[in-house]
There are 2 protein chains.
Amino acid sequence: MLEVCLAGCGGMLPTPERWLTCLWVEHDGEAVLIDCGEGTQVALREAGLHPTRLGTILLTHFHADHVAGLPGLLLTLGNNGRREPVTVYGPQGVRELLSHLLAIAPGLAFELRCGELPAGEGAAFSAGGLTVQSLPLDHRTACLGYALELRRKPVFLPEKAEALLVPKALYRELHAGNEVTFDGRTVRPEEVLGAERPPLKVVYCTDTRPAPPIAQFARGADLLILEAMYADDAMREKAHEKGHMLAGDAARIALEAGAMELWTTHYSPAFTEPEEAQRRARETFPNAWAGFDGKRTVIRGAEKR
Amino acid sequence: MLEVCLAGCGGMLPTPERWLTCLWVEHDGEAVLIDCGEGTQVALREAGLHPTRLGTILLTHFHADHVAGLPGLLLTLGNNGRREPVTVYGPQGVRELLSHLLAIAPGLAFELRCGELPAGEGAAFSAGGLTVQSLPLDHRTACLGYALELRRKPVFLPEKAEALLVPKALYRELHAGNEVTFDGRTVRPEEVLGAERPPLKVVYCTDTRPAPPIAQFARGADLLILEAMYADDAMREKAHEKGHMLAGDAARIALEAGAMELWTTHYSPAFTEPEEAQRRARETFPNAWAGFDGKRTVIRGAEKR
């Protein structure tokens, strides 16, 4: 199960109406945060998300609206009692970025680790019980999208275990993928387990032009979160120049990816009606919704088998 | 005339209830901002203060809750069309601080100047039409208080000018301090001007223990803004250890300074009832008020002659 909260949905600068875009993904009491602009620690608090559960921060890129909140959040983590290490991942240069930002956050109460990811190619690593993959995006600066996957065990089929007279006390062992022996007999997991299940998958891509690799990267996502800096087609040229996409682009990518659901985010402060834009986008991709500060969901993957 | 707005009143971290402490002082369309923590650009916007009028930023010290909002504010200034230079003043080390913070605010659309002030002694300079003085405070790190003064011309006494038969067209010249000659006669300014008037004075001191020099520095202030991290006497030891003062200390300093009015600010997130503390503080200093986000006043100095 993944608990997901889009704690902010704005782009460029925090305003009285919107916090800056950031995503909280929590599994089993451990949380991963993607992006941390100015005010993100307040956005998390407003959304009731307790930062001490935060062990991993993924940065997409180093524009201020995605990183300026990092010193404050790290200090608050320490003041709230975090003592376990925290790891910050980001594209090449993240170590240098941290050295600058930590100038105003000296003496953290926990170890801060840093994972520098290749800016030009994808990478995969584990964080917070999840598998994370990165994808180079098409922005004005090196920028990474992230896919977070939660591997799932195959379904346990109790009717098969019963037929094999397996004692109930051994079900958990079998479900964990281990053979069990009882009454001189051995039962292998594959005798009582269903088919492999695809992982639960959340994909977050901002800031970026509508780059072709995104759809493949987001294939089968339970939740796809894409930027939509503007909606109006008249903004296409400006969006391209600034390295962004339109709400319609996001819907087309979600359709091509076969995603279950799309949330848009990272709205320009001048883009005041994202709900209206998503109503139109649903003609392209029916499960498209406008992100808002604090929008949340729980991904159980039940529909997906 | 000075327009003053305490856009934020919190300390330590921004919360859903309070922006971080910062002060806006505007004179004749030019503004000076003191301190710029995370979220200050949103606080200014909520208070209706337009940042493009901002030419000077004074930093008290380099703790994140006083400076982390600087990169975002500077970027927003540029995006809002500021092209005239902006000067950031702060204690020794401010140039290095800026070099770190500007790592996430490259390519500003205006010239950023930097004024490094001595950390161990006071300094005086001009900014935004005001005279600024700094005072070393007693915090855990080098920290400066600031006094902002608006010099005032003496009152013009029209009855004296009339008695001397000065043509009305020459009143302005005399009020500006220049002699005038008419009908072969010369009139000197002191013949038509009242007594010297003290400047309008706003003093801002945070973060600091209740250091003795503050009262002298704040002598005769129209508005004295002092930190009051905590209120309860039980917090005295903690306040001292962390380099802060109590609400009662602030009232005693205001009394000793002979200030016209006191606002407290920089409350601990745990200090939820500053109004109650100020009710008690008014037993010591009758014109003591709890600052809140967006508290404002206009200082005309009329009462002060």
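The values are calculated or read from the model by the stated rules, or taken from the named source; none is laboratory data. Everything numeric here is computed off the predicted structure, so don't read it as measured data. Cβ: placed from backbone, ideal geometry, glycine included. Neighbour counts: every protein chain shown. Side chains are part of the model used for accessible areas, which takes the heavy atoms of the whole protein and leaves out ligands, DNA and RNA. Shrake-Rupley method; radii C 1.70, N 1.55, O 1.52, S 1.80 Å.
Tabulated values for the structure
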| item | result |
| --- | --- |
| Residue count, segment A:1-58 (criterion: over 22 Å from A:Pro274 (Cβ atoms) and of a type in the set (Gly, Ala, Ser)) | 4 |
| Count of residues meeting criterion [open to solvent by less than 60 Å² (accessible area, probe 1.4 Å) and either touching a residue at least 40 places away in the same chain (Cβ under 8 Å) or assigned to a helix (DSSP H, G or I) (or both)] in segment A:245-260 | 9 |
| Filtered residues of segment B:23-50 (kept if over 16 Å from the mean Cα position of the chain (by Cα), within 13 Å of chain A (Cβ to nearest Cβ) and free of Cβ contacts under 8 Å to residues at least 60 places away in the same chain) | B:Glu38, B:Gly39, B:Gln41, B:Val42, B:Arg45, B:Gly48 |
| Top-ranked residue of segment A:287-301 - restricted to ones that are open to solvent by 40 Å² or more (accessible area, probe 1.4 Å) and assigned to a loop (DSSP other than H, G, I, E, B), ranked as farthest from A:Leu246 (Cα to Cα) | A:Arg300 |
| Scope segment B:122-140; condition part of a loop (DSSP other than H, G, I, E, B), at negative phi and open to solvent by 30 Å² or more (accessible area, probe 1.4 Å); matching residues | B:Gly122, B:Asp138, B:Arg140 |
| Qualifying residue in segment A:171-180 (condition: surrounded by fewer than 16 Cβ atoms within 10 Å (Cβ to Cβ) and among the acidic types (Asp, Glu)) | yes |
| Any hit, segment A:161-168, residues being open to solvent by less than 10 Å² (accessible area, probe 1.4 Å), part of a helix (DSSP H, G or I) and either at pLDDT 95 or above or farther than 30 Å from A:Ala247 by Cβ (or both) | yes |
| Enumeration of residues in segment A:261-286 that are among the β-branched types (Val, Ile, Thr), open to solvent by 10 Å² or more (accessible area, probe 1.4 Å) and under 16 Å from A:Ile214 (Cβ atoms) | A:Thr284 |
| Where A:Ala7 falls short, out of the listed (1) outside any strand (DSSP E or B); (2) touching a strand residue (DSSP E or B) at 6+ places or on another chain (Cβ under 7 Å); (3) within 14 Å of another protein chain (Cβ to nearest Cβ) | (1) |
| Only listed residue being within 14 Å of chain B (Cβ to nearest Cβ) and at pLDDT 95 or above, chosen from A:Thr56, A:Thr60 | A:Thr60 |
| Set A:Lys242, A:Lys201: member being open to solvent by less than 60 Å² (accessible area, probe 1.4 Å), under 30 Å from A:Pro274 (Cβ atoms), within 28 Å of the chain's Cα centre (by Cα) and of a type in the set (Lys, Arg) | A:Lys201 |
| Some residue of segment A:88-97 being within 18 Å of B:Glu17 (Cβ to Cβ), open to solvent by 40 Å² or more (accessible area, probe 1.4 Å), within 14 Å of another protein chain (Cβ to nearest Cβ) and without any contact (Cβ under 8 Å) to a residue 12 or more places away in the chain | no |
| Complete set of residues in segment A:25-69 that are out of contact with any Asp or Glu (no Cβ under 6 Å at 6 or more places or on another chain) and closer than 16 Å to B:Leu75 by Cα | A:Gly39, A:Phe62, A:His63, A:Ala64, A:Asp65, A:Val67 |
